[in-house]
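Please read the structure below before turning to the comments.
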Amino acid sequence: MDKEHELKRAIRVVLFGGGPALERGVKQFICRLEEHPEIEFLGGFCQSEAQTFWAVVKDLWQRRRFLAGPLLLLQIGSGISRFLSQPRAEIELNRKLARLSKRIYFVPDLHAENVLEAVRSLTPDLGLIYGSPILRPKLFEIPPLGTLGIHHGKVPEYRGKKTTFWAMYNGEETAWVTIQKVNVGLDTGEIVKQGAVPIGRRSLPVVWNELEALGLDLYLEAIVEVKRGIASYQPQLGRKGKLYRDPKFDDILSLWWRSFSGQKIKE
């Protein structure tokens, strides 16, 4: 804890993200930042070459290849399902984002000098990462209080991509989310907040939705604790796990079959 860094005003934050479209969790996070009385949301910078439907398709293809089509259909289906089940909430979320749109910038390169200068000009106290590419120190060290990031996995055991999926694939009893202070390593920063949700026989979408909601709560708590000078930064302890990658089609099929049949394995 570092009480000497307590701020007597709202903490000024800037968000770093990525992709041609904001994911729902990022949208919710931005809106909650804007509404929090102890936080001043200065703006967000997302790395993307374009913000069109075809840019989304291209981005998925580059990352997931032949899984791009099914994943795109799943995203569209999930969006339609959410809108039909809670239309008012979805409309209100998009209205809030529209009011903040002038503070959200899509840029080809987060590390370009003009972007670095724009971030400096905002004079943020704290940087925040949600879905961004790997950042370099020249960006994440601009805020004097450093930069926090959210990782949906338990560290140091689960580092890398899609760690909620891999936790379920490996037969873990719980799925974790971690708020960490970003450093030059990949998911190796000091832990500020951690939490977990049970997996049991639940499906990946159900576990993910609950974990994402928990992560948003923990992220906001971490920001406020940094602002008040009471944040606790704990080193990662235990065995460092392997660096996980995006699951392949066979991995997804295997998890689906084991979930359907009630089987459970541990690597």
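The values are calculated or read from the model by the stated rules, or taken from the named source; none is laboratory data. Here the structure is a predicted model, which means the values were calculated and not measured. Every residue, glycine among them, receives a Cβ derived from its backbone with ideal geometry; neighbour counts consider all protein chains shown.
Looking at K96, K162, K154, just one residue is farther than 18 Å from A231 by Cβ, touching a Pro at 6+ places or on another chain (Cβ under 7 Å) and basic (K, R), and that residue is K162. Here L237 meets each of (1) surrounded by 16 or more Cβ atoms within 10 Å (Cβ to Cβ); (2) at pLDDT below 95; (3) not charged (D, E, K, R) with one exception, condition (1). For the condition at pLDDT below 95, of a type in the set (V, I, T) and under 20 Å from I223 (Cα atoms), V155 qualifies. Of all residues in the stretch 175-186, those being surrounded by 14 or more Cβ atoms within 10 Å (Cβ to Cβ) and either farther than 14 Å from G215 by Cβ or without any contact (Cβ under 8 Å) to a residue 24 or more places away in the chain (or both) number 3.
Going through T178, T174, T188 one at a time, which residue ends up being at pLDDT 95 or above, hydroxyl-bearing (S, T, Y) and farther than 22 Å from F29 by Cβ?
Numbers: T178 fails: farther than 22 Å from F29 by Cβ; T188 fails: at pLDDT 95 or above.
After applying the criteria, what remains is T174.
If the condition is being in contact with a strand residue (DSSP E or B) (Cβ under 9 Å, 6 or more places away or on another chain), free of Cβ contacts under 8 Å to residues at least 60 places away in the same chain and polar (S, T, N, Q), then the stretch 89-145 contributes only N114.
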